[in-house]
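Notes follow once the structure below has been shown.
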Amino acid sequence: MVSAFGPARILYSTSRSPAGHTAVDGDSRPARVHVSLEDLLRHSDAVVLTCSLSDKTRHLIRAETLGLMPRGAMLINTARGGCVKQDDVLEALNSGHLAGVGLDVTDPEPLAPDHPLVLHPRCLVLPHVGSATVAAREAMARLAIDNAIAGLLGLDMPAELKF
């Protein structure tokens, strides 16, 4: 779906992967180009946030970082609600700096039905259902079953949480 927008294949990651930029589908452009977060935001008409929540990513998207984005940009958060400072997002929507926002996650979750982001005409808030595809749910169920069987048999679990 994203390919319809002709993305420039820019990537920002806190855990930078090694070089190995490959063309995709005969396209001569690199498959990914690593840039700083600031450069990514300055040059992105749409940002999709998919990171985990940590001390590094709490309020990663806030007034300062939103201000780096081009006027009229779109923000989509499928990561964790705490990665986005929602009051700053609301302000950016109200000022027209952001053209639209999609939130699959919020903080708190769920937002109250009368929350300004829920009511905003250019904000789509979903009830954290980004993984609610049949394939994703079947894979989660299979993993849970595999873990349960391995645990009952005294074997290493395929997806054991280690604390």
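If you go through the stretch 127-153 and keep only what is outside any helix (DSSP H, G or I) and under 28 Å from the mean Cα position of the chain (by Cα), you end up with Pro127, His128, Val129, Gly130, Ser131, Ala132, Thr133.
May I ask you to verify whether Ala92 is without any contact (Cβ under 8 Å) to a residue 12 or more places away in the chain, among the small types (Gly, Ala, Ser) and within 20 Å of Ile76 (Cβ to Cβ)? It is false that Ala92 is without any contact (Cβ under 8 Å) to a residue 12 or more places away in the chain, among the small types (Gly, Ala, Ser) and within 20 Å of Ile76 (Cβ to Cβ). Scanning the stretch 69-81 for residues that are under 12 Å from Leu103 (Cβ atoms) and either in contact with a Lys or Arg (Cβ under 6 Å, 6 or more places away or on another chain) or in a loop (DSSP other than H, G, I, E, B) (or both) returns Thr78, Ala79, Arg80. One residue stands out among those in the stretch 116-126 that are open to solvent by 60 Å² or more (accessible area, probe 1.4 Å) and not in a helix (DSSP H, G or I): the one that is nearest to Arg80 (Cα to Cα), which is Leu126.
Of all the residues in the stretch 82-104, those that are closer than 19 Å to Val118 by Cβ, assigned to a loop (DSSP other than H, G, I, E, B) and modelled with pLDDT of 95 or more number 1.
Go through the stretch 66-77 and report how many residues are over 15 Å from Asp45 (Cβ atoms) and surrounded by 17 or more Cβ atoms within 10 Å (Cβ to Cβ).
So the answer is 1.
Restricted to the stretch 79-115, and to residues there that are within 15 Å of the chain's Cα centre (by Cα) and open to solvent by 60 Å² or more (accessible area, probe 1.4 Å), the residue that is farthest from Lys56 (Cα to Cα) is Asp107.
The values are calculated or read from the model by the stated rules, or taken from the named source; none is laboratory data. Nothing here was measured: the structure is a model prediction, and the numbers come from that model. Cβ: placed from backbone, ideal geometry, glycine included. Neighbour counts: every protein chain shown. Accessible surface areas use protein heavy atoms only, side chains included; no ligands, DNA or RNA. Shrake-Rupley method; radii C 1.70, N 1.55, O 1.52, S 1.80 Å.
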